[in-house]
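Trainee: There's a structure below that I have some questions on.
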């Protein structure tokens, strides 16, 4: 509760909330007394005292811990019943991130945030923008004989994401696309024809989806970002290699949104500049009959 409360009213509210917590948890006076190490008469006094006196903080904390509620809630300092541990667990989660295409957890987050703006800093080229050839090159070693089925299923989900009504802003290092075009670093061994087809696919998607899809390229020598996706005001999830670290706390979401906005403000190439950059990469890559 926000405002100041008269001491007598706060004491009366404490008695009501203590009784509610006991009733909802099925805890008797005797059971609560045993749990916190006091006489049953102490609990009776807490529930029946009509005066303005509140119990000491230690006793309030012990009651809150035994009943699984917040001490602040018992004292009318908060309207949230949950304990601090429960609030933390609800605002922060660690979820396994399998080496697969659009796993169930990340897809569920996209569904939950349908219609909101989704901001994304990918670990590599974004999966939702990749051609089938690049998906097969990247994921087949991990998926084995099921690669074809997994990629087919993933493309259905990627198509859903593209048509979900969400606006997508993607910020990535400009070196990511340069490395891809040159088959260097992570992309060593990608055939030239597959790289050309992928860059042409990115151009086509830009024409189809802009401005709902906006790609920004930043200079990673000046700015750094871990892989992160911010799902509107609902949550943000960091990819930490094998796991997603997800936050639902609004203050943290706002902070990471501000981080993304800085990437966009200080971008080396805005969304309008990206097609020209892609055409420049293609100019040095044309192969075979696709030239």
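Each reported figure results from applying straightforward, stated rules to the coordinates on display, with no laboratory input. As the structure is a computational prediction, the values presented were derived from the model and not from experiment. Cβ coordinates were reconstructed from backbone atoms using ideal geometry, including for glycine residues, and neighbour counts include every protein chain displayed.
Trainee: What length, rounded to one decimal in nm, is gained on full extension from residue 240 through to residue 19, with 0.36 nm per residue of separation minus their alpha-carbon distance?
Mentor: 75.1 nm
Trainee: Then there's this: Counting helices only, and only those DSSP H runs with n ≥ 4, report the 222 nm mean residue ellipticity of the chain as the sum of -39,500 (n - 2.57) divided by its residues, in deg cm²/dmol to the nearest 500.
Mentor: The helix-only estimate for the chain comes to -15500 deg cm²/dmol at 222 nm.
Trainee: How much of the calculated P(r) for the stretch 226-291 lies past 17 Å, in percent of all Cα pairs?
Mentor: Percentage above 17 Å: 60.
Trainee: With the cut-off at 1.5 for a/c, could you classify the stretch 7-82 from its C-alpha gyration tensor as rounded, prolate or oblate?
Mentor: Verdict is oblate for the stretch 7-82.
Trainee: For the chain, set up a GNM with springs between Cα atoms under 10 Å and report which of 257, 175, 267 has the largest fluctuation.
Mentor: 175
Trainee: Now a separate question. Given [x] 5, 15, 13, 12, 13, 15, 16, 9, 1, 0; [y] 6, 22, 24, 14, 11, 11, 8, 3, 1, 0; [z] 6, 27, 32, 22, 10, 3, 0 as candidate values of P(r) over Cα pairs in 10 Å bins from 0, in percent, which corresponds to the one derived from the coordinates?
Mentor: It is the value labelled [y].
Trainee: I want the antiparallel fraction of DSSP beta bridges within the stretch 102-217, as a percent rounded to 5.
Mentor: Percentage antiparallel, nearest 5: 0.
Trainee: Need the full-extension length gain, residue 140 to residue 249, defined as separation in residues times 0.36 nm minus the C-alpha distance. One decimal, nm.
Mentor: Contour length minus the Cα-Cα distance gives 35.6 nm.
Trainee: While we're looking at this one, here's another question. Considering only DSSP beta bridges with both partners in the chain, what is the antiparallel share in %, to the nearest 5?
Mentor: Percentage antiparallel, nearest 5: 65.
Trainee: Now for a different question. Helix 147-162 versus the longest principal axis of the chain: what is the Cα-based angle in degrees, 0 to 90, to the nearest 10?
Mentor: Result, in degrees: 70.
Trainee: Under 18 Å from a label point 7 Å along Cα→Cβ of residue 10: give me every residue in the stretch 37-69 with its amide N that close.
Mentor: Those under the cut-off are 46-47, 49-64.
Trainee: Starting from the Cα gyration tensor of the stretch 163-247, take the square roots of the eigenvalues, sort them a ≥ b ≥ c, and report rounded, prolate or oblate (rounded when a/c is under 1.5, otherwise prolate if a/b is larger than b/c, else oblate).
Mentor: oblate
Trainee: I want to make sure I understand the PRE zone here: with the label point 7 angstrom from the Cα of residue 186 toward its beta carbon, which residues in the stretch 252-270 have backbone N atoms less than 19 Å away?
Mentor: 260, 263-264, 268-269
Trainee: Evaluate the distance, in nm, between pseudo-label points positioned 7 Å from the Cα of residue 94 and of residue 204 along their respective Cα→Cβ axes.
Mentor: 4.2 nm
Trainee: Which length gain, in nm to one decimal place, applies between residue 30 and residue 114 when the Cα-Cα distance is subtracted from 0.36 nm times their residue separation?
Mentor: Between residue 30 and residue 114, full extension yields 25.3 nm more.
Trainee: Compare 164, 30, 270 in a GNM of the chain, Cα atoms joined below 10 Å, and give the one with the largest fluctuation.
Mentor: Answer for the Gaussian network model of the chain: 30.
Trainee: Pairs of Cα atoms under 8 Å, at least six residues apart: use those to get the relative contact order of the stretch 7-82, whole percent.
Mentor: 40 percent
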